[in-house]
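The block underneath contains the structure these notes are about, expressed in structure tokens.
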Amino acid sequence: METAIAHNLRLVRESLPDSVRLVAVSKFHPEEELMEAYNQGQIVFGESHVQEMTRKHDALPGDIEWHFIGHLQTNKVKYLAPYVSLIHAVDSLKLLREINRQAERNNRVIDVLLQLHIAQEQTKFGFSTHECIEFLKEGEWRDMVNVRIRGLMMMASNVDDEQQIKEEFCLAAEFFESVRQTFFVNDEMFEIKSWGMSDDYLLAVNSGSNMVRIGTTIFGERVY
Ligand SMILES: *Cc1c(COP(=O)(O)O)cnc(C)c1O
């Protein structure tokens, strides 16, 4: 008998083109539920709290790739630096410097995405497109040999208006392309477009996303 999580995961996978990577967002779900997905071959998990992710990392199989998708405080970077495989939401030079510093201490190169703030909602997280360009122009990131900027991450507005969501995803895709051509033209590692969650991932994939972060559709509602 297929478990509910195995079933949900299969349906999500069947709906995604092969070129799109799936991050199974497991925050607030217990380790047994992550194992149900792992047993179906899911290797990439996304978490948004450092302590919770570290606890799960210590308890679960070593080949799991842990993506940190939440807002990351500078003083917590040291806890995930030994093992994190991708940090999705870098939105300041200060944070990137600390990731570089902790990566160096661990003899690692840590992959990161820059978080864009395109949605209508007021939030203090993420670069505006203007700030992102300024950050890249400033250029200090080029000297940070222990971090690698792999692409961009964003969240669309949490609204029912599909047209608006599509427009935000398209804006992100256009912005990605212009950033790639301006700053990363000879860098094939700059290729990740992380957008799309349970409610909007099909729209995201249609607008060029190649990494989706899906929680509720796989694991069910979170109990906070
Ligand atoms: C929680 C979370 C998700 C997953 O959301 P669902 O609606 O459960 O799919 C994706 N991205 C980020 C940044 C999140 O915090």
Probe of 1.4 angstrom, ligands and nucleic acids ignored: what's the accessible area per residue over segment 152-207, in square angstrom?
53 Å²
Surface/4 estimate of mean projected area, convex hull on alpha-carbon atoms of segment 60-107, nm²:
3.4 nm²
I need two numbers for segment 1-88: Rg to one decimal and Dmax as a whole number, Cα atoms only, in Å.
13.3, 45
Take every Cα pair under 8 Å in segment 1-56 that's 6+ residues apart, average their separations, divide by the length, and report that relative contact order as a whole percent.
40 percent
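Could you please state how large a percent of the accessible area of the chain is carbon and sulfur, counting protein chains only and using a 1.4 Å probe?
Numbers: 5320 of 11180 Å².
Within the chain, the accessible surface is 48 percent carbon and sulfur.
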Tell me the label-point distance for the pair His7, Gln122, using the 7 Å Cα-to-Cβ offset, in nm and rounded to one decimal.
4.3 nm
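Run the helix sum for the chain: -39,500 (n - 2.57) per DSSP H stretch of 4+ residues, divided by residue count, reported at 222 nm to the nearest 500 deg cm²/dmol.
Values: 9 runs with 89 residues, N = 224.
Taken over the chain, the calculation gives -11500 deg cm²/dmol.
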Which value in nm describes the separation of the simple spin-label points at Val109 and Lys137, placed 7 Å from the Cα toward the beta carbon?
2.8 nm
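Kirkwood hydrodynamic radius for segment 107-201: how many Å is it when counted over pairs of different Cα atoms? Before the final figure, lay out the partial values.
Working: mean 1/r = 0.0707 Å⁻¹.
Taking every pair of different Cα atoms in segment 107-201, averaging 1/r and inverting gives 14.2 Å.
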Once the other residues with Cβ under 11 Å from the Cβ of Asp160 are scored (Lys, Arg +1; Asp, Glu -1), what is the net sum?
-4
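How big is the dipole moment of segment 28-73 about its Cα centre under a simple scheme where the beta carbon of each Lys and Arg is +1, that of each Asp and Glu is -1, and everything else is neutral? Debye, nearest 20, please.
Numbers: 2 positive and 9 negative charges, 31 e Å.
The calculated dipole for segment 28-73 is roughly 140 debye.
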Could you work out the mean projected area of the convex hull around the alpha carbons of segment 126-182, in square nanometres to one decimal?
4.4 nm²
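Percent of alpha carbon pairs in segment 34-130 separated by more than 18 Å?
Details: 2226 of 4656 pairs.
Of all Cα-Cα distances in segment 34-130, 48 percent exceed 18 Å.
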Extent along principal axes [Cα atoms of the chain; Å; largest to smallest]
55, 44, 33
Computed for the chain: size of charge dipole around the Cα centre, +1 on C-beta of each Lys and Arg, -1 on C-beta of each Asp and Glu, debye to nearest 20, value 820 debye
Which value, in debye to the nearest 20, describes the size of the charge dipole of segment 92-163 about its Cα centre when Lys and Arg Cβ atoms bear +1, Asp and Glu Cβ atoms bear -1, and nothing else is charged?
580 debye
Over segment 18-60, average the accessible area per residue using a 1.4 Å probe and give it in Å², no decimals.
47 Å²
So, for segment 74-135, what is the accessible surface per residue at a probe of 1.4 Å, expressed in square angstrom?
48 Å²
Dipole of the chain, positive direction: furthest Cα of His130, Val205, Ser92, with charges on the beta-carbon
Ser92
FRET efficiency, 1/(1 + (r/R0)^6) with R0 35 Å, evaluated for Asp161 and Val223 via beta carbons
0.75
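The values are calculated or read from the model by the stated rules, or taken from the named source; none is laboratory data. All values derive from a computational prediction rather than experimental measurement. Glycine gets a Cβ as well: all are built from the backbone with ideal geometry, and neighbour counts include every protein chain shown. Surface areas here come from the heavy atoms of the whole protein model, side chains and all, with no ligands, DNA or RNA. Shrake-Rupley method; radii C 1.70, N 1.55, O 1.52, S 1.80 Å.
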